[in-house]
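The values are calculated or read from the model by the stated rules, or taken from the named source; none is laboratory data. Since this is a predicted model, take the numbers as computed values, not measurements. Cβ placement follows ideal geometry from the backbone for every residue including glycine, while neighbour counts extend to all protein chains displayed. SASA here: full protein model, heavy atoms, side chains in, ligands and nucleic acids out. Shrake-Rupley method; radii C 1.70, N 1.55, O 1.52, S 1.80 Å.
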Amino acid sequence: MWPRLVANKILRKQLGSNNFVADFPSNEVSEELILETPSVDQPSSNLTSTVFNHHKDTNTHKYKVFVSTWNVGGVEPQEDMNMEDWIDTSSDIYVLGFQEIVPLKASNVLGSENSKICMKWNSLIREALNKKRHNNINNPPDFHCIVSKQMVGILISVWIRSNLRPFIRNPSVSCVGCGIMGCLGNKGSVSVRFRLHETSFCFVCTHLASGGREGDKKLRNSNISDIFSRTSFPRGPLLDLPQRILDHDRVIFLGDLNYRISLPEATTRSLVDIRAWNILLKHDQLMMQLKEGQVLEGWNEGAVEFAPTYKYCPNSDVYYGCPPGKKGEKRRAPAWCDRIIWRGEGLKQHVYSRGESKLSDHRPVNAIFTAEVGVLRTLRGYHSFFLSDKLDRVSSKFQVSSTHNFVWKGRSTSLKL
């Protein structure tokens, strides 16, 4: 029975780069809108050849990107959970990554994804980002989900401000399992890529190997190497899209990376008690990897000025193991397991902080970036078109779901939240 279950799980995981949930069929909408725009006001002046010209004349625009990661420990969120406590609502792009949205037991690892939990998180995100609309249902939503993808307990959900929606192209996903037998999804990554105007983005939501024993750090490094080598995206019809994570213009790596502090537990706890972050960070395994550059050469992280995010007692501000637990009980020293790092020019980090929700034994971590994006000068004249009522007339024929539905890519069946 085990070989059959494992084979089925692996095959289901490889369904393809377009197997994700979104508010609308993103790729078809944005491609056709951009290429057909001139026909509404005037005859096309060969915009297609301009868009795909190899010698593109571009301006640089800047957009605010909010990124968050949170290991929720298999705990289902309450219906009245207020996500505004840790989501900044003034950004243009939102990337929210979760780990352990379901308990990592055999039935979840080997069985089908629990889409109800995924939809519940997305519903809470939608409510937080589009709160203004709830006061007047006639107002259009401020944000749309362009990609939501789950692999076992890992979930990544990407949202875009509505006036940027027509400029999103080629969204796709790639899942890599690094868990049981080196291939199942209890550990691994879900990566999302898309192109905004002329700039490619890649966001990698990860859950790496756990453990604070000798040798566990090497296993985490091995997970990262596997993710970089096995993640693959389609090249697109013109074969001009990046295929690998590191080939994208802007790359952000987020998740429960599980790196620990290489000090004795008692020493770590005493330094945490006096908030000696600088001393602890000198022994932080991820910091050491960033400096050594073995698997993370060229990656950056903002200044860590917040307390370790793991491991807390349930519904408490007290770290697990303080005071000492029962004899034989596992003791896990505090650590900065939850991190956000980035790579590539054109990204500037402004905020790096943690939230204080007590839902799980981890605390959420947030970052806010400014991302530089190349915009074709040719399309600047059509900017007013995309913000006008003419866009509504063109795009109405593509409207396949209400703001409270999600649609499987390439399918007409809507999933009710």
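Output the residues belonging to segment 180-198 that are at pLDDT 95 or above and of a type outside the set (D, E, K, R).
Within segment 180-198, Gly188, Ser189, Val190, Ser191, Val192, Phe194, Leu196, His197 meet the criteria.
For every residue, the table says whether it meets (1) in contact with a Lys or Arg (Cβ under 7 Å, 6 or more places away or on another chain); (2) free of Cβ contacts under 8 Å to residues at least 12 places away in the same chain.
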{"position": "Leu219", "(1), (2)": "no, yes"}
{"position": "Asn223", "(1), (2)": "yes, no"}
{"position": "Arg235", "(1), (2)": "no, yes"}
{"position": "Leu239", "(1), (2)": "no, yes"}
{"position": "Gly255", "(1), (2)": "no, no"}
{"position": "Asn258", "(1), (2)": "yes, no"}
{"position": "Ile261", "(1), (2)": "no, no"}
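Can you name the residue in segment 163-179 that is hydrophobic (A, V, I, L, M, F, W, C) and assigned to a strand (DSSP E or B) and is also most open to solvent (accessible area, probe 1.4 Å) among such residues?
Here the answer is Cys175.
Would you check if Ser232 is open to solvent by 20 Å² or more (accessible area, probe 1.4 Å), more than 20 Å from the chain's Cα centre (by Cα) and of a type in the set (Gly, Ala, Ser)?
No.
Does Ser30 meet the test of being over 19 Å from the mean Cα position of the chain (by Cα), crowded, with 16+ Cβ neighbours inside 10 Å and at pLDDT below 50?
For Ser30, the condition - over 19 Å from the mean Cα position of the chain (by Cα), crowded, with 16+ Cβ neighbours inside 10 Å and at pLDDT below 50 - is met.
Among the residues of segment 113-142, write down those that are surrounded by 11 or more Cβ atoms within 10 Å (Cβ to Cβ), more than 18 Å from Ile160 (Cα to Cα) and modelled with pLDDT under 85.
Glu113, Asn114, Ser115
Of all residues in segment 293-337, which are modelled with pLDDT of 90 or more, surrounded by fewer than 12 Cβ atoms within 10 Å (Cβ to Cβ) and at negative phi?
If the condition is that a residue be modelled with pLDDT of 90 or more, surrounded by fewer than 12 Cβ atoms within 10 Å (Cβ to Cβ) and at negative phi, then Glu297, Ala303, Glu305, Ser316, Asp317, Val318 are the ones that fit.
Go through Ser112, Ser123, Ser172 for me and flag whichever is in contact (Cβ under 8 Å) with a residue 24 or more places away in the chain and in contact with a Phe, Trp or Tyr (Cβ under 6 Å, 6 or more places away or on another chain).
So the residue among Ser112, Ser123, Ser172 that is in contact (Cβ under 8 Å) with a residue 24 or more places away in the chain and in contact with a Phe, Trp or Tyr (Cβ under 6 Å, 6 or more places away or on another chain) is Ser172.
Would it be correct to say that Leu184 is of a type in the set (A, V, I, L, M), crowded, with 18+ Cβ neighbours inside 10 Å and in contact (Cβ under 8 Å) with a residue 24 or more places away in the chain?
Yes.
Working only within segment 199-241, note down all residues that are assigned to a loop (DSSP other than H, G, I, E, B), within 20 Å of Ala371 (Cβ to Cβ) and modelled with pLDDT of 95 or more.
Correct list: Phe233 only.
Assigned to a helix (DSSP H, G or I), open to solvent by less than 10 Å² (accessible area, probe 1.4 Å), in contact (Cβ under 8 Å) with a residue 24 or more places away in the chain and of a type in the set (A, V, I, L, M): which single residue out of Leu280, Leu246 fits that description?
Result of the check over Leu280, Leu246: Leu280.
Taking the residues in segment 197-217 that are among the acidic types (Asp, Glu) and in contact (Cβ under 8 Å) with a residue 12 or more places away in the chain as candidates, determine which candidate is least open to solvent (accessible area, probe 1.4 Å).
Asp216
Answer with yes or no whether Arg161 is touching a residue at least 12 places away in the same chain (Cβ under 8 Å), more than 21 Å from Asn366 (Cα to Cα) and touching an Asp or Glu at 6+ places or on another chain (Cβ under 7 Å).
It is false that Arg161 is touching a residue at least 12 places away in the same chain (Cβ under 8 Å), more than 21 Å from Asn366 (Cα to Cα) and touching an Asp or Glu at 6+ places or on another chain (Cβ under 7 Å).
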